[in-house]
Amino acid sequence: NMDPFFHILLLLSFLKINPSLSSCVTGCSCSADSFGRSLLCMSALLTKIPEDIPQDIRKIRIENSHLTELPRGSFSNVSALEYLWLNFNNITVMHLKSLEDLQALKELRLQGNKLSSVPWTAFQDTPALKILDLKHNRLDVLPEHALRFLPNLTYLDLSSNQLTVISRDVFSSWPVYQRSQRAEGSMAHTANAVLALHGNPWICDCRLRGFVQFIKSIGPPIILMNSYLTCSSPKFREGKFFHEVELNSCMKPLTSALETNLTVPVGLNVTLTCYVQASPSPTVWWTYAHKLLRAFNVSTEPVGEETLRSELRIAAARPMDAGSYSCWAANFLGNASVGIALRVGEQPLGAVPATAATVGPAPGGGAEGSTAHVEVRIAKQTVYGITLEWRAAAAEPGDTWYTLHLGRYDAARKDTVSVGPGVHTYSVGDLLPATKYEVCVAVRDQAPRKGQCVVFVTGSDVSQLEQREKLIHIVVIICAMVLAVPAGMYACTAEARPGCVARGLAPCRRRRRGERAPRSGPDSSLDSLPGGSEEGLCQPGPGRRPRHGEPERPGKARPGPRNSADLY
């Protein structure tokens, strides 16, 4: 028999030759069982995949850490890996080659991360993968080729993600589904495959039609973990199960109107109506004279599963509201429109419409010569714009429209903007800096009156440093003019002290009065100006004595009143 001491030496030498068999990642634990060695990192607060994972590891479980991405070749040094669990981390990015060299990988779990997309071609490197768990992520798209590279996959969990629309072709290209179709009607045995898709916000419109039909038709060997998939939208299908809905094919919008030619008297409230049939639900808008109309006088609501009604309201119609209006609708298949011609005739004698406003109408309302008073003020002003507020003494403020006249102060013509009833503020944000503007608010179709206009100047868009340099430039010029007088002066520094110019001009005043000015010192020249002083614009000449308690420091400026008006 061998000496036991010799056995120990033999084991130690073997471990020395194969350090990977005994080592483990710092902060983690390693164990061994009949399936091989395992690496367990629970709440280890790792920020990246460890680089020193032992080569003989077969199972890795890293959970509740701070992993944010799976870079290329994350596990290339553990090619024997069969089970990889990375649940409940913060993984948002998965590199195309993050699973490189994992030919033996059978199980990948990424539950509870923040993946919004997955590079599905990455699974070309894991042909043996059987289990893929992606539940509780943020996946919102599943491309048609997604499952093509998973030939042996028999468990796929995509539940509790953000999937809304899926093509049935995603699953028709899944190898396990193709094998089941080929084996149908024969005695060939096909392994069951489990599929989880519940907990997603499905949009049950025409785009989901093929997928709903697929869900209704599938059966063993494909088994849904939860067969009661429900619709989240549109609203009239919210909460319904897939097996309860029948979805039609997608359809390009069709628009129509009950009346395409309307004639109304002046002052009458008018509602233009169009109907739209489309699937999926389209976007609807109105135009007049090829210009988009503001949405606050437009309402659109469903009147059926695939039909919308859109209404354009024109209060107290006037002749200028006459013309051709168009109702437009568009979805991903195309767009369509219907035109409605409106003619506004003369108001019958003695007729006073009950809905007509006496001050200002919705488009074009309001009586001529009304005496409505509008008070305007600027609520907020920035370098490039303003926010206006106004109040109006109108007989019927609920039907009163306003016109804003805005332009440069000296412009002959100004831009106009119509603002509807109930709106008393307006913001403009694209004005030129350092420009004088005038803005007026009047009842629609009335000329602005005195007191209804505000004149303002937009701010300068130069930086504070540039403003400071301009101010210094002005002060230096003034100081240079003063220094031309052969008398004692104050020297100017880079920081403008208010009151400098007033004191600098004092010798000029004394000269006019015939007083003798103190002799200038050697520092009273522009060449001797200190740069970047933070104490003030003016320094005392050599003849000035410091005040009591003031230290004598050359270049120290005397404080003065801070009134910028003194500079001018």
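The values are calculated or read from the model by the stated rules, or taken from the named source; none is laboratory data. Nothing here was measured: the structure is a model prediction, and the numbers come from that model. Here the Cβ positions follow ideal geometry from the backbone for every residue, glycine too, while neighbour counts run over all protein chains shown. These area figures cover heavy atoms from the full protein model, side chains too; ligands, DNA and RNA do not enter into them. Shrake-Rupley method; radii C 1.70, N 1.55, O 1.52, S 1.80 Å.
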Exercise. Tabulate in residue order the Karplus-calculated ³J(HN,Hα) for the range 47-61, using 6.51 cos²θ - 1.76 cosθ + 1.60 with θ = phi - 60°, rounded to whole Hz; enter x for Gly and Pro.
Key: 9, 8, 5, x, 8, 9, 5, x, 5, 8, 5, 9, 10, 10, 9
Self-check item: Accessible surface of residue 42 - all protein chains present, 1.4 Å probe, nearest 10 Å²
Solution: 80
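Which entries of 97/216; 135/240; 48/130 have Cα-Cα distances beyond 29 Å here?
Beyond 29 Å between Cα atoms: 97/216.
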Quiz item: Amide H of residue 139: which non-local residues (sequence gap of 5 or more, or other chain) have their own amide H closer than 5 Å, using H built in the peptide plane?
Solution: 162
Practice problem: Mind listing the long-range amide H neighbours of residue 444? Cut-off is under 5 Å, sequence gap 5 or more, other chains count too, H placed in the peptide plane at 1.01 Å from N. | Solution: 401, 402, 403
Practice problem: Label the range 29-108 by shape, choosing from rounded, prolate and oblate, from the square roots a ≥ b ≥ c of the eigenvalues of the Cα gyration tensor; if a/c is under 1.5 it is rounded, and otherwise prolate applies when a/b is larger than b/c, oblate when it is not. | Solution: oblate
Exercise. Whenever you get a sec, compute what percent of the accessible area on the range 51-209 sits on carbon and sulfur atoms (1.4 Å probe).
Key: 46
Practice problem: Tell me the GluC sites (Glu not before Pro) within the range 31-119 that lie in a loop according to DSSP and have at most 14 other beta-carbon atoms within 10 Å. | Solution: 51
Practice problem: Name the long-range amide H neighbours of residue 90: under 5 Å, sequence gap of 5 or more, or other chain; modelled H, no Pro or chain starts. | Solution: 67
